[in-house]
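The values are calculated or read from the model by the stated rules, or taken from the named source; none is laboratory data. Every value quoted in this text rests on a predicted model; they were computed, and no experiment measured them. Counting neighbours? That spans all protein chains shown, and the Cβs are built from the backbone with ideal geometry, glycine included.
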Amino acid sequence: MNTYTRKLYFSHAGFTLIEMAMVLMIVGLLLGGMLVPLSAQMDQRNVSDTQKALSDIKEALIGYAIANGRFPCPAAPSTPTGQTVSGVSAGTSVPLSSNVCPILAGVLPWATLGVNETDAWGNRYTYRVDTNFSDSNSNPTYGSGCPTPTNASFTLCSSGTLNVLSAASGGVTIAGNVPVVIVSHGKNAAGAWTPQGTQILPVSSYPDEQDNSNGNTTFVSHTPTPTFDDLVVWISPNILFNRMVAAGKLP
């Protein structure tokens, strides 16, 4: 190989290496630009899957109420998956004390309802029920002037004590006096219970999310923000009454 040919060869080889480096750089930039959209798509899919699951849970709860005349008690949140009473309504796994649920705030009794244990992020759903709608039929709670219920533990004039607000501080009421609320704690999972029976701590430093995991009667639901990603659903008492009347459970 003469000097001219050698120079031409190395010049061509060097150009090829530079070209490959440029191609790799462009591919890297394209892949880097796709990471955020792909991550956002995955997040949206998890949200959609959980919203669908929450809709199914609401139907399962209404079906349980129609069949049993009341909502199920929560399941004990600290019971690990795989035990006999995992996901079982506390009213079933623990004898009712004075015909009322031994706990009113816990996790969704997924085994009792026959639904999935966890949301799309792998955590259990928080479940809060009002005592007026979950006590035993043999000890009915009903409003003054209402007929004594025979097929359910509540009547058309029974009122729940759970409220859903637009914000923990200064929010307006979105849904008042509802009988049951279900919460997915979203991607950040602050305050959620895991299948191992442990709570993800800290609960949250933001009041809106704190309200959804502190076991009280007030919940918050609004569009997602950088500090709030909970998905909250509830059953309207009017929808419940309508379904119960249609099923012949309420007069």
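Structure notes:
- Residue count for the range 53-70, restricted to those that are modelled with pLDDT under 95, touching a Ser or Thr at 6+ places or on another chain (Cβ under 7 Å) and not small (Gly, Ala, Ser): 1
- Some residue of the range 211-234 being acidic (Asp, Glu) and closer than 25 Å to Ser134 by Cα: yes
- Test result for Thr118, at pLDDT below 70 and among the β-branched types (Val, Ile, Thr): no
- Residue match in the range 234-249 (condition: aromatic (Phe, Trp, Tyr) and either in a strand (DSSP E or B) or surrounded by 18 or more Cβ atoms within 10 Å (Cβ to Cβ) (or both)): yes
- Members of the range 223-235 that are modelled with pLDDT of 95 or more and either small (Gly, Ala, Ser) or touching a Phe, Trp or Tyr at 6+ places or on another chain (Cβ under 7 Å) (or both): Phe228, Val232
- Of all residues making up the range 172-210, the number that are surrounded by fewer than 16 Cβ atoms within 10 Å (Cβ to Cβ) and among the hydrophobic types (A, V, I, L, M, F, W, C): 2
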